[in-house]
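*Asks:* Starting off with a structure, shown below.
The values are calculated or read from the model by the stated rules, or taken from the named source; none is laboratory data. Just so you know, these numbers come straight off a predicted model, no measurement behind them. Cβ: placed from backbone, ideal geometry, glycine included. Neighbour counts: every protein chain shown.
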Amino acid sequence: MSVEIEFTDDHGSAGGFATEEMTLNMGPQHPSTHGVLRFVVKADGEVMRRAVPDVGYLHRSIEKIAEKVGWHGFMPYTDRVDYVAAMTCNQAWAMAAESLGGVEVPRRAEYCRVIAAELGRICSHLLAFGAMGMDIGAFTPFTHAIREREMINDLLEELCGARLTFNYLRIGGVAWDLPPDYAHKVLRFLDRFIPLVDEFDDLLSNNKIYIERLADVAVISPEMAIAYNLVGPNLRASGVDYDLRRDRPYSVYPDFDFTVPVGKGTWGSVGDCWERYIVRLHEMRESAKIVRQALEGLPGGPVIAKVRRNFKPPAGEVHIRVETPRGDQSWYVVSDGSERPYRVHIRTGSFSAMSIIESLSNGLMIADLVALIASLDVVAPEVDR
Amino acid sequence: MLEFLNGLAAANPEVPGVLLRVAGMLAFGALVVFVFILPVAGITSWVERRVWARIQSRIGPNRVGPGGFLQWLADGLKNLLKEDVIPQAVDEPLFRIAPYLVVAGFVAAFVAIPFGGSLIIADLNIGILYITAITSLVVVGILMAGWSSNNKWSMLGGIRSATQIISYEIPLGLTIFPVVLVSGTLSTQGITAAQGWAPHTWHMFHNPFLLVSFLLFFVCALAEGNRTPFDLPEAESELVAGFATEYSGMRSLLFFLAEWGNLYVIGALVATLFMGGWQVPRFTDDPTLLAVAQFFTIFLKAYFWVFVAMWVRATLPRIRIDQLMALCWKYLVPMALLNTLGTAFFMVLFPEGSLVVRIALVAVVLAIIFVFARRVRFHLARARGLGYGAV
Amino acid sequence: MAGAAECGGGSVALVELSRVERDMEIAAIRRLLHDKLGAAVGVVEEGPHYESIRIDDDAVERAAMLLRDTPELRFDCLSNLSGCDYPGRGAIDIVYDLYSYEFDRSLVLRVSTRRGDPLVDSVERVWPAANWLEREVFDLLGVRFRGHSDLRRILLPEDWVGHPLRKDYVEPEQYHGISTVRESMLGIRSGS
Amino acid sequence: MREYVANVVQAATSIFDGLSVTFSHFFREPYTIQYPDRMPIPVQDTLPYRYRGFLDVDLEICTGCLACQRACPIDCILIETRKDKETKSMLIETFDIDLAKCMYCGLCTEPCPTGSIHHTREFEGADFSLESMVRRFIKEPVTAYKPKKKGEDDPVVAPILERGKRYIAEFADPKDDAPAAAGKGG
């Protein structure tokens, strides 16, 4: 009864019906490429044979800049590595410099960092959530997510004076202490926000069309995820229970009690697009928990250690790994004892996520590619740096 | 209408009668298009943007005119004044014609839509068949637009549209069958006349199958009108703007005009087929007053469904092309067939219909609305304390 | 993920302990590699922050294969791959940051290659993640990888000249007629 | 068959729920801020104290120490000073900030000893040329400010200096044990 349509790899004929592969250029300007990147899509009608990512449109040579500006001066540039979640990149750079220079960070500063970083994580996941909905065709969740994100932006703006490129951290601590009455404001926001995450569930996550669009699409097995060095929420969605904040704790994360959401295969298989999506949604709740605990246990004391303005860490090199919203960001920083870093290399989460797309693309539909990019939460500037 | 023209022809024997009739018809058509259809489509665009905005915690266009009401005029004017860009590599004649075909398709549907007992352009005895047939003209236009644009995204959009509209014609037609069975005519006026003004006399409450049929019809009509969740031909996040990618200015606007106009056609059809059309209680003997009341009745009923379509669009994500086909062939077509059979059986059992069933169905719908209201209250309670409006 | 689970929610002290254990193991890992690959495996290099094993540029792939497949090591993830230019030594160092999810253990490999003709074995067949990372090193530092399936520039345009992260790189004045310099407007008084 | 019915039911209930969420938004207030013309108060007044807008310099209290110029990672500040032979005081001849290049990171404001260079809450700088984005603060050479041991007594300079001191007090100060001006949080 059913008619099997065979696809052939070459431009041959399938069932006596001559077809030709179509080459589509998706991007650099395309609504769902999340920044400027390009896919060369080889498609057979709606079904893709191959999607080859072409990145580099947003290359700002941040690593080269690091070799030109000083240790302190590089901090604002780390904002631009991943401008959706600048706080964690700040943190990675601060940790690298502190590790090289042997700077002891005051405890209060670490708490401030955690509060800021986790708020930034909620911010970033909100954007991922909204963009995911929009790429699937639902516009409303995006505006709702952006609305909540604006509120966090307001909070962060009060904390550090900027909404996107925070430049809040300094080598040895943070630039500003929490403003007066800040804990109260953050808690009030969280009290309102967490019920809204349930509303997001009702609006989008449990929607049948949405589930159908995402479940069992572009499944990444745990082995494949590890081999391609997928990190963060993408890795956890594939069933690998690993979170740097818990398993290789840095900063003051051991002080906090939180669970790490892992993909369970609720509607399809472990590691499909829906799992990647829902892991992020759950992580927002966990981040909110961490922020609450950090605000409760905030110790006194200074928020920045005494660091020389002319900071010259001794020669050496470090590998720093920080759990950003897009996963384990690995920094390789070399110092030669001078006032400028000798070499900075950043391996970002989006970079690994982009590299997996080509091997997943065969057999997906064009609409699925959009879902895949959104579910991997690729941020183009983070790929290109 | 025709009588008036005949009279005019008799009064002016020096002018050929045919010419006069054609000219008169054209003038009347233009009048209807400019005075009713265009404003309705335009205002629908404004309403849609406002409805969307409110659902999304925004305000929407509120600057042009009171509450932004004249936004549609401003947009239309802007698009008229814009340059009509024809890219070099397009198939020019097709590219130019396509938007007109699309608009013609939806405007022609208005011919058989009854706005009142006497307010109909032509009461065709195959009215409903005519409407389903003529709205398919839209697909020709969209396919032409997609093909002639010489752009792969546009072509994908055009082909998606063709697949979609042709497939959904079938369940759409099948969901009309039960209505035709019950009313025994294909004429839109006849179908309206077979219903009364009171809700329980509407076709949708005739029997359970017709209630389901009514829902299916609405779903299929959304697909026919390229509305979310079936807006694949112009899926913004996938195909940029689908078949309309290469269009600009007024030609681009014509596509959207057709989309918004189509929305109204869908609403009017749902109202006519299932919700009693223009039927009003006979409160007066003045025919003019009655006609006005009838017109407003169907206008409001139609606009309610326009609103529902907007609301659905603001809620649902987009379906994928293979799922679209699966939905059509695996779910809608069998269910529509079942409804036709079910209605036929029901009519054998109760040739005159059953008042008990009618009242029970009204009660069911009221219960659903009640549950819905409870749910809305729950959502509001959960989000209470949200500090909106805080600057 | 047994190792990860054990460590989960651990206190700082526990983490310090496992770090010490990891450090002790590097000598053992080096011995294991040395037994299989002989002289291609160099010494364990001490550093202020971690130790690394030096490997010859043509033994990287074999070493990587061993590190990944030996049951007691299982370095299943290439966490980072960076290159660094040392004109003073006339060398470019490639640093591999490996990680084992199973044992929660890190290892740093270090490969030196001549600056004039940098050529290193590709580890793409061992860890697919290396594909893009190696392309990046090729793009920015000009290191070629033997056996790489698709060695093209990744971040810079195909027709870019030079490798910017080399220390002696001089930025071209213009690219396709577009100036790469933004004139400073500070201190210049124009007109009024 | 069972799956078939389950699919239909799940689709119906989930869409029903989604529709109820969106419908409930008709009863909530919109959040839009109608910037710039329909705001109850000017947008600048809604920004927090730490907001990093355009840089401004109070020349009355500028010591000409060049700390900001050194701290700037992108060299968007240019200061030229000269020793005045007659009065033995330092003259500031140029103080230019290229606001088109500035990335508003705030690193220049931190080392300033008097709080002379500081961020304002102004941010609307759209203009037709890059040239006009360069703020040239000095028309005539100005004498650099010299901090006085006993505190400022000049009635003109004193309030400006007070503002500057308050501004730098916002920054975390490693010398003090207690957290800076801001409250204790928690």
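*Asks:* Report, by residue number, each residue of region B:114-144 that is of a type in the set (Phe, Trp, Tyr) and part of a loop (DSSP other than H, G, I, E, B).
*Replies:* B:Phe115 - this is the single residue of region B:114-144 that is of a type in the set (Phe, Trp, Tyr) and part of a loop (DSSP other than H, G, I, E, B).
*Asks:* If B:Ala326 meets every condition in (1) in contact (Cβ under 8 Å) with a residue 60 or more places away in the chain; (2) loosely packed, with under 15 Cβ neighbours inside 10 Å apart from one, which number is that one?
*Replies:* (1)
*Asks:* Same structure, new question: Is it true that A:Gly56 is within 19 Å of the chain's Cα centre (by Cα) and in a loop (DSSP other than H, G, I, E, B)?
*Replies:* Against the criterion (within 19 Å of the chain's Cα centre (by Cα) and in a loop (DSSP other than H, G, I, E, B)), A:Gly56 qualifies.
*Asks:* Would you mind stating whether D:Glu93 is modelled with pLDDT of 80 or more, in contact with a strand residue (DSSP E or B) (Cβ under 8 Å, 6 or more places away or on another chain), more than 30 Å from A:Val307 (Cβ to Cβ) and charged (D, E, K, R)?
*Replies:* Considered against the rule, which asks whether it is modelled with pLDDT of 80 or more, in contact with a strand residue (DSSP E or B) (Cβ under 8 Å, 6 or more places away or on another chain), more than 30 Å from A:Val307 (Cβ to Cβ) and charged (D, E, K, R), D:Glu93 comes out as yes.
*Asks:* Exactly one condition in (1) away from chain C (no Cβ under 13 Å); (2) outside any helix (DSSP H, G or I); (3) within 17 Å of the chain's Cα centre (by Cα) is not met by A:Pro299; state its number.
*Replies:* The number of the failed condition is (3).
*Asks:* Taking the stated definitions as given, is D:Gly18 within 9 Å of chain A (Cβ to nearest Cβ) and either within 30 Å of C:Glu183 (Cβ to Cβ) or modelled with pLDDT of 85 or more (or both)?
*Replies:* It is true that D:Gly18 is within 9 Å of chain A (Cβ to nearest Cβ) and either within 30 Å of C:Glu183 (Cβ to Cβ) or modelled with pLDDT of 85 or more (or both).
*Asks:* List, please: which pairs have Cβ atoms under 7 Å, are six or more places apart or on different chains, and start with a residue in region A:153-165 that is assigned by TED's automatic domain parsing to the domain that holds A:Thr88 and more than 12 Å from A:Ala86 (Cβ to Cβ) and end with one that is small (Gly, Ala, Ser) and buried (at least 19 other Cβ atoms within 10 Å of the Cβ)?
*Replies:* Close Cβ pairs satisfying both conditions: A:Leu159/A:Ala116; A:Gly161/D:Gly106.
*Asks:* Which residue, of C:Val111, C:Val95, is of a type in the set (Val, Ile, Thr) and more than 7 Å from every other protein chain (Cβ to nearest Cβ)?
*Replies:* Step by step, each of C:Val111, C:Val95 is checked, and only C:Val111 is of a type in the set (Val, Ile, Thr) and more than 7 Å from every other protein chain (Cβ to nearest Cβ).
*Asks:* Being within 30 Å of A:Ser352 (Cα to Cα), assigned to a loop (DSSP other than H, G, I, E, B) and touching a His at 6+ places or on another chain (Cβ under 7 Å) is the filter here, so list the residues in region A:306-326 that pass it.
*Replies:* A:Pro325
*Asks:* Go through region A:247-283 and give me each residue that's buried (at least 22 other Cβ atoms within 10 Å of the Cβ) and either free of Cβ contacts under 8 Å to residues at least 60 places away in the same chain or outside the structural domain of A:Ser359 (by TED's automatic domain parsing) (or both).
*Replies:* If the condition is that a residue be buried (at least 22 other Cβ atoms within 10 Å of the Cβ) and either free of Cβ contacts under 8 Å to residues at least 60 places away in the same chain or outside the structural domain of A:Ser359 (by TED's automatic domain parsing) (or both), then A:Asp247, A:Pro249, A:Gly263, A:Gly271, A:Asp272, A:Glu275, A:Val279 are the ones that fit.
*Asks:* Which strands (runs of 3 or more DSSP E) sit wholly inside region D:62-126 and have at least 1 residues that are touching a Pro at 6+ places or on another chain (Cβ under 8 Å) and either away from chain A (no Cβ under 14 Å) or within 24 Å of D:Ile168 (Cβ to Cβ) (or both)?
*Replies:* D:77-83, D:90-98
*Asks:* Looking at (1) without any contact (Cβ under 8 Å) to a residue 60 or more places away in the chain; (2) over 27 Å from D:Thr46 (Cα atoms); (3) surrounded by fewer than 13 Cβ atoms within 10 Å (Cβ to Cβ), can you tell me which one D:Glu131 breaks?
*Replies:* Going through the list (1) without any contact (Cβ under 8 Å) to a residue 60 or more places away in the chain; (2) over 27 Å from D:Thr46 (Cα atoms); (3) surrounded by fewer than 13 Cβ atoms within 10 Å (Cβ to Cβ), D:Glu131 breaks only (3).
*Asks:* Sticking with this one: Does B:Val280 satisfy the condition of being out of contact with any Lys or Arg (no Cβ under 9 Å at 6 or more places or on another chain), in contact (Cβ under 8 Å) with a residue 40 or more places away in the chain and hydrophobic (A, V, I, L, M, F, W, C)?
*Replies:* yes
*Asks:* Residues that are more than 12 Å from chain C (Cβ to nearest Cβ) and under 26 Å from A:Ala86 (Cβ atoms), at least 1 per element: which helices (runs of 4 or more DSSP H) completely within region A:335-385 meet that?
*Replies:* Output list reads A:366-376, A:380-384.
*Asks:* In the list D:Gly125, D:Gly106, D:Gly115, which residue meets the criterion of being within 24 Å of D:Tyr35 (Cα to Cα) and small (Gly, Ala, Ser)?
*Replies:* D:Gly125
Condition check ((1) crowded, with 19+ Cβ neighbours inside 10 Å; (2) modelled with pLDDT under 85) across all residues:
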| site | (1), (2) |
| --- | --- |
| C:Glu6 | no, yes |
| C:Ser11 | no, yes |
| C:Val41 | yes, yes |
| C:Ala63 | yes, yes |
| C:Gly88 | no, no |
| C:Asp93 | yes, no |
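*Asks:* On the given criteria, is A:Tyr228 within 17 Å of A:Ser359 (Cβ to Cβ), assigned by TED's automatic domain parsing to the domain that holds A:Asp377 and either among the charged types (D, E, K, R) or crowded, with 22+ Cβ neighbours inside 10 Å (or both)?
*Replies:* yes
*Asks:* Next up: For A:Ala162, all conditions in the list (1) farther than 26 Å from B:Arg318 by Cα; (2) assigned to a helix (DSSP H, G or I); (3) facing another protein chain (nearest Cβ under 9 Å); (4) under 21 Å from the mean Cα position of the chain (by Cα) hold save one; what is the number of the exception?
*Replies:* (2)
*Asks:* Let me confirm something: among A:Arg347, A:Arg340, which residue is surrounded by fewer than 22 Cβ atoms within 10 Å (Cβ to Cβ) and among the charged types (D, E, K, R)?
*Replies:* Criteria check complete, one pass: A:Arg340.
*Asks:* Among the candidates B:Asn226, B:Asn262, single out the residue that is in the same structural domain as B:Ala193 (by TED's automatic domain parsing) and at negative phi.
*Replies:* B:Asn262
*Asks:* Which helices (runs of 4 or more DSSP H) does region B:193-301 wholly contain that include 2 or more residues that are of a type in the set (Phe, Trp, Tyr)?
*Replies:* The helices (runs of 4 or more DSSP H) meeting that bar are B:208-224, B:249-274.
*Asks:* Residue by residue through region A:25-46, note down the ones that are more than 14 Å from A:Val378 (Cα to Cα), outside any loop (DSSP other than H, G, I, E, B) and not polar (S, T, N, Q).
*Replies:* A:Met26, A:Val40, A:Val41, A:Lys42, A:Ala43, A:Asp44, listed by residue number.
*Asks:* Okay, next question. Which of the residues belonging to region A:109-146 are farther than 30 Å from A:Ser32 by Cβ and surrounded by fewer than 24 Cβ atoms within 10 Å (Cβ to Cβ)?
*Replies:* Across region A:109-146, the qualifying residue is only A:Glu110.
*Asks:* Can you tell me how many residues within region A:192-250 are more than 12 Å from chain C (Cβ to nearest Cβ) and assigned to a helix (DSSP H, G or I)?
*Replies:* The number of residues fulfilling the criteria is 25.
*Asks:* In addition: When you scan region B:82-113, how many residues do you find that are in a loop (DSSP other than H, G, I, E, B) and under 16 Å from B:Gly261 (Cα atoms)?
*Replies:* Matching residues across region B:82-113 total 1.
*Asks:* Okay, next question. Could you go through region C:154-165 and let me know if any residue there is over 25 Å from A:Leu37 (Cα atoms), within 11 Å of chain A (Cβ to nearest Cβ), in contact with a Gly (Cβ under 8 Å, 6 or more places away or on another chain) and at pLDDT 85 or above.
*Replies:* no
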